[in-house]
Structure formats: C-alpha cells, structure tokens
Amino acid sequence: MNEYPEHGRPWHPPDGPTPGWDLPPEQHPGGYPDPYGASTGGYMPADAGVPAAPNEPTLVTIGDIAVTRTSVITPAGRFPVKGSVWTVSDMSRTDQSTPAWAIIAAILTFWWTCLLGLLILLVKESRTTGHVQITVQSEGRYHATHLPVSNPLFVHEIHRQVNYVRSLAA
C-alpha cells in the first residue's frame, strides 16, 4: 500500500487503519444520562454536602452565592458556613474626566467673559467600571463569582456583606 490516496478513497497512513469508517468508540444506549456521575467531572448536586435545615431563611445573597445560618449554597454545591474562607478582590477603577457639555460651554462662554468661561473646565465627572470577584472555599470546594460595579458605594456594600458572612464563618 502506498501513502497516496487512490481514486474515491480517503488518505490514510500506510500501516494504520482507515480512519472514519468505523462507528464511534462509545455509543449512548439511550435514555437520560446520569448528571452526577464521574463522567461529568465530579459535579455534585446542591444538597450533597450538608442537609438543609427546614425553612432556613437566606441571610445574604452575593451574586450566585446564597448564605443561610448554617450553610453556603453555590452552583458548585452546598457546604457549611463554619470554616469557610472568603476573599474579595476589587477589580474596579474610577476615572475622572471633563464632560463634553463642559467643554462646549467653556468654548461658547469664552468669547463673552474671556477667561471666566474657562472655570467651567474645572467640572469633573467620575465613572466607575470593572467588577468585584468574591471567592469561597470550604471542604475542598471552591466557587468564584464576579459582580459588575458602576458605583464605589456598591463596592463598599459587597465588602460589608462579605465581612458579615466572615463573622458567621468564625
């Protein structure tokens, strides 16, 4: 057999089997696959770690993390609040710039009031962009969530909520 394809046949290595002519290696037998098996990368249902207390209210919700008096509920699973480690990374920034309306007003009033119109350029506008990352670790599980921020007060509120949860975890 040579390494050049014949008319009507795909190319394949000289000593190997012809690729693409067999069935896939594993066929799904049908029905619904087990979503919590080992083949899914170890995903566990939300109630696998800690049994839920009946009618336990949610104290704090931070992004997709919910905290009750005894447990932390994340998409990665449920685990106890006691002993959990919380971190907050502030990845936001606040820029100050002169707004467009102030530049136009300074140009228009410069002709009538000379240098007095340039005082309008001292007007500054603050703009906050970015996000805050919150992570929680406990019992070998890890979950991170990102919250977009548009106000420095929102960053302060997130820090206050995480500090409250840290007091529950102590």
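Brief remarks follow.
- Around the amide H of T68, modelled in the peptide plane, lie the amide H atoms of L59, I73, all under 5 Å away and 5 or more residues distant in sequence or on another chain.
- Globularity index of the range 38-169, i.e. its alpha-carbon radius of gyration over 2.2 N^0.38 Å: 1.66
The numbers here are math on the coordinates, done by the rules we state, and not lab data. Computed from a predicted model, the values in this text were never measured in an experiment.
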